[in-house]
Amino acid sequence: MSETIETDAGTARVTWHRAADARLLLAVSHGAGGGIGARDLVALAGTLPAHGVSVALVEQPWRVAGKKVAPAPKTLDVGWRGVWPTLAAQGLPVISGGRSAGARVACRTAVELGAAAVLALSFPLHPPGRPEKSRAAELLGAGVPTLVVQGGNDPFGRPEEFPEGSYELVEVPGGDHGFAVPKRGPLGQDEAVKIVTDGVVGWAASLG
């Protein structure tokens, strides 16, 4: 089931995957280069409801409008804030999540919006080849329990590049920014995606 929500950044869309007896809601948005059809988002929406976690896949207004290029981070934050009242109205603790640019939004706004936790999928620690342009402060400043799920070969930041902090990190060995793994690598694609879903299921269970 999908619904549209008017925000100050335009019309956003939420697609619901509800748990029968939900104790948490994971609201998760896409990155700057794709939509909610990303393999990790689809897998989480298909897996988490059986574990008592409803999933809301959130499409930012620029995607709903059919634009090819994401707007500035501040505009992404505005869109996310605009969707939040609908998420909070479900009466469940909300995990604020996102992949890539969406993970940055979740980290930047978590405390302000009252998120119970943050799920950062493929957090873009820095632009590819530009480690000096670190965004670590956004991750470290999330202020709530945080799980990072990162590909071992992500050009936006490999797991060993991440600073020490109070967050947890799950590595997808050999995974790129979209958690795709080499065809001749040690992991099959289905196994790689299962590392993502298993990691999030276990972490969500620890949140109570």
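Some observations on this one:
- Ranking by accessible area, most exposed first, for 164, 138, 132 with a 1.4 Å probe: 164, 132, 138
- For the chain, share of DSSP beta bridges that run antiparallel, in % to the nearest 5: 30 percent
- DSSP H segments from the chain that extend 15 Å or more along their own axis, Cα-based, with Kyte-Doolittle mean of -0.5 or above: 73-88, 101-113, 189-206
- Counting only heavy atoms of the protein chains and using a 1.4 Å probe, residue 177 has close to 30 Å² of accessible surface.
- Within straight-line cross-link reach of residue 183, lysines at Cα separation under 28 Å, skipping those fewer than 8 residues along the same chain: 194
- Considering only segment 1-94, percent of DSSP beta bridges that pair antiparallel, nearest 5: 60 percent
- From its DSSP helices (H runs of at least four residues, each -39,500 (n - 2.57)), the chain gives a residue-normalised ellipticity at 222 nm of -9500 deg cm²/dmol.
- Principal axis dimensions, largest first and in whole angstrom, of segment 51-113 by Cα: 34, 23, 20
- Segment 17-56 and segment 85-101: distance between their alpha carbon centers, rounded to Å: 10 Å
- Highest mean first, the peptides 24-30, 192-198 sorted by other C-beta atoms within 10 Å per residue fall in the order 24-30, 192-198.
- Reduced Cα scattering model of segment 1-117, Debye log10 I(q)/I(0), q = 0.12, 0.18 Å⁻¹: -0.35, -0.83
- Taking N as the residue count of segment 81-181, its C-alpha radius of gyration divided by 2.2 N^0.38 Å amounts to 1.06.
- Calculated on C-alpha atoms, the gyration radius of the chain divided by its Kirkwood radius gives an Rg/Rh of 0.94.
- With all protein chains modelled, accessible area of residue 54 [1.4 Å, Å²]: 10 Å²
The values are calculated or read from the model by the stated rules, or taken from the named source; none is laboratory data. Model, not experiment: these values are computed from the prediction. Using ideal geometry, Cβ is built from the backbone for each residue, glycine included, and neighbour counts are taken over all protein chains shown. The area values use the complete protein model at the heavy-atom level, side chains included, leaving out ligands, DNA and RNA. Shrake-Rupley method; radii C 1.70, N 1.55, O 1.52, S 1.80 Å.
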